[in-house]
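One structure is given below, encoded as structure tokens.
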Amino acid sequence: MDPRVSELFGAAAAAQKSGGRKNAKNGSNKFKSRSARYPKASNNPPYLPPEAEEGNIEYKLKLVNPTQYRFEHLATQMKWRLQEGRGEAVYQIGVEDNGLLVGLTEEDMKASLKTLRRMAEKVGADITVLREREVDHDSDEPYRIAEVLVRKVPDDQQFLDLRVAVLGNVDSGKSTLLGVLTQGELDNGRGRARLNLFRHLHEIQTGRTSSISIEILGFDSRGEVVNYSESRTAEEICESASKMITFIDLAGHHKYLKTTIFGLTSYCPDFAMLVVSANTGIAGTTREHLGLAMALKVPIFIVVSKVDLCTKGTVERTVRQLERILKQPGCNKVPMLVSSTDDAVTAAQKFAQSPSITPIFTLSSVSGESLDLLKVFFNILPPLSNSKEQEELMQQLTEFQIDEIYTVPDVGTVVGGTLYSGICREGEQLVVGPTDAGQFRELAVCSIQRNRSGCRVLRAGQAATLALGDFDRSLLRKGMVMVSPEMNPTICWRFEAEIVLLFHAKTFHKGFQVTVHVGNVRQTATVEALQGKVSLLYLPELIDGRG
């Protein structure tokens, strides 16, 4: 593990003091500090960061034979932590509120896990022990701490849904990796796994993705993988999954770059997975895709694929090349190579907490090497937004952005996209636009499908398809929005923007024609004026760090 990771999340946190205790509403228990009685661990950081009042991470020293009153408080606290994590919570057993790793004997640990399991059953959740670690203690008997994932059993299909955009150069193995993850079968080395992901004949013939395809990978309440290997349809996966990873497979070829940008801006991914081929290294559009994800502030992690084709030295050279780029002044990332299950658990937690951490996986879609580590990472990866932010979005007026338009027999016009704010229900009356004349037209939502299965309510941040009945398809186009009539939407023909010129072969000046990507809108525009400047120049010595 990179020493800077330990520095960020290890002993450096020991100097911090706990920022206050939770009050009675979440049932927290105050414990006296035992730092004088227990020595610090030598192999592991002696402290975790102090427990936060908000969030889905809870520290417990021990949970041995609680009274009924105490048990009710603990169950209420678990409900609150699950709500904060939108259905997921992580319990650290054997850890004080200030983050000190105390540890428990084997007997106390068993009793604590038994109590935790009873608490989970009471609130309708399941628990999975992620890992256990020993801590140094002044006793011959081993003392351990346990990290436990608590996940709520899904109800009314409100599973936790995370969107992951898949980036990388052409032929880096993006579609093959997704095929292996979602189908549950390894690739044969000649691209069999990716065939189910392609949408067009020319994609099958060339083996190159040119459009945006959506694939899903589920995890049940116990952390087991749910994919097409055991489920025949997407509806079955949704019914049995507590957590869903929605992969947005984007094109790697440079001529499809505008499609890739559209996928990154319109689908609002929570995370980005950059796939790099071990035998070719950083080539083609890899740097561009990395720069796009960073410019859009999408947290990114890296998968080095095709390690079965290379020697160990070649893989290490590719990883070192990635680390050099990530540490450059323009990136300022902390690379973290994942080589064990323990690393995968740590990477998932720290990745969501700090934007500078960048996990790196090395795996093979043919041999299956280290594929389980990536699955562990996806299983534990928490959402970036908490329940409070989600509730604030849902309280706003409805805004649905249209990305795709279809005509389905016996259904009529269907639009696909993402609900940016508010709540959308079956039968709801909305207005759609703007038309070429700048107007908005009324329509009704007949039915909703999410992840290829029907649902009655759509919440902010979720992607879905909406059936609009006999609404004229010719009046719709990509980039339109469906909003609540109460919003009284207005349009604009001109706008101001702040521009940083990263790279261009020519001078950026008045009258220059550009393509603007704003959310799901992709539109040509003309520069009418530059405030304070006559033109903008590309200066490679500044961009590349040579100035």
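Structure notes:
- Residue match in region 353-376 (condition: basic (K, R) and under 22 Å from G223 (Cα atoms)): yes
- Pick from region 135-174, criterion at pLDDT below 90, open to solvent by 20 Å² or more (accessible area, probe 1.4 Å) and part of a strand (DSSP E or B), ranking: farthest from I300 (Cα to Cα): K152
- Of the residues making up region 266-281, those that are out of contact with any Ser or Thr (no Cβ under 8 Å at 6 or more places or on another chain) and open to solvent by 20 Å² or more (accessible area, probe 1.4 Å) number 1.
- You will find that of K333, K350, K306, K312, the residue that is surrounded by fewer than 17 Cβ atoms within 10 Å (Cβ to Cβ) and in the same structural domain as T265 (by the TED database) is K312 and no other.
- Of the candidates G416, G461, G438, the single residue that is of a type in the set (G, A, S), more than 20 Å from L475 (Cα to Cα) and in contact (Cβ under 8 Å) with a residue 24 or more places away in the chain is G461.
- The single condition among (1) more than 29 Å from the chain's Cα centre (by Cα); (2) open to solvent by 50 Å² or more (accessible area, probe 1.4 Å); (3) over 26 Å from D138 (Cα atoms) that T115 does not meet is (2).
- Residues being under 21 Å from the mean Cα position of the chain (by Cα), assigned to a strand (DSSP E or B) and either over 30 Å from V432 (Cβ atoms) or not aromatic (F, W, Y) (or both) - total across region 364-411: 2
- Every listed requirement among (1) open to solvent by less than 10 Å² (accessible area, probe 1.4 Å); (2) closer than 24 Å to N379 by Cβ; (3) not charged (D, E, K, R) is met by Y59 save one, (1).
- Considering residues of region 519-532 that are aliphatic (A, V, I, L, M) and surrounded by 13 or more Cβ atoms within 10 Å (Cβ to Cβ) only, the residue farthest from I261 (Cα to Cα): L530
- Scanning region 503-512 turns up at least one residue that is under 34 Å from the mean Cα position of the chain (by Cα) and open to solvent by less than 100 Å² (accessible area, probe 1.4 Å).
- Residue match in region 447-460 (condition: part of a strand (DSSP E or B) and open to solvent by 50 Å² or more (accessible area, probe 1.4 Å)): yes
- Enumeration of residues in region 421-440 that are out of contact with any Lys or Arg (no Cβ under 8 Å at 6 or more places or on another chain) and surrounded by fewer than 15 Cβ atoms within 10 Å (Cβ to Cβ): G427, Q429, D436, A437, G438, Q439
- Search result, residues across region 282-297 that are open to solvent by less than 50 Å² (accessible area, probe 1.4 Å) and either out of contact with any strand residue (DSSP E or B) (no Cβ under 9 Å at 6 or more places or on another chain) or not assigned by the TED database to the domain that holds P335 (or both): G291
- Boolean, D403 is open to solvent by less than 20 Å² (accessible area, probe 1.4 Å) and of a type in the set (D, E): yes
- Tally, over region 477-496, of residues that are open to solvent by less than 70 Å² (accessible area, probe 1.4 Å), assigned to a loop (DSSP other than H, G, I, E, B) and more than 13 Å from G438 (Cβ to Cβ): 2
- For region 462-476, the count of residues that are over 29 Å from the mean Cα position of the chain (by Cα), closer than 28 Å to N386 by Cβ and in a helix (DSSP H, G or I) is zero.
Matching residues to (1) within 19 Å of S266 (Cβ to Cβ); (2) at pLDDT below 90; (3) assigned by the TED database to the domain that holds A241:
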residue: D410; (1), (2), (3): no, yes, no
residue: S421; (1), (2), (3): yes, no, no
residue: G438; (1), (2), (3): no, yes, no
residue: A444; (1), (2), (3): no, no, no
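- Annotation: of all residues in region 118-133 being open to solvent by 40 Å² or more (accessible area, probe 1.4 Å) and without any contact (Cβ under 8 Å) to a residue 60 or more places away in the chain, the one that is nearest to P382 (Cα to Cα) is V129.
- Flag if D97 is in a loop (DSSP other than H, G, I, E, B) and either more than 21 Å from V345 (Cα to Cα) or in contact (Cβ under 8 Å) with a residue 60 or more places away in the chain (or both): yes
The values are calculated or read from the model by the stated rules, or taken from the named source; none is laboratory data. In this text the structure is predicted, and so the values were computed from the model without any measurement. For neighbour counting, all protein chains shown are included, and Cβ atoms are generated from backbone atoms with ideal geometry for every residue, glycine included. For accessibility, only protein heavy atoms count, side chains too; no ligands or nucleic acids. Shrake-Rupley method; radii C 1.70, N 1.55, O 1.52, S 1.80 Å.
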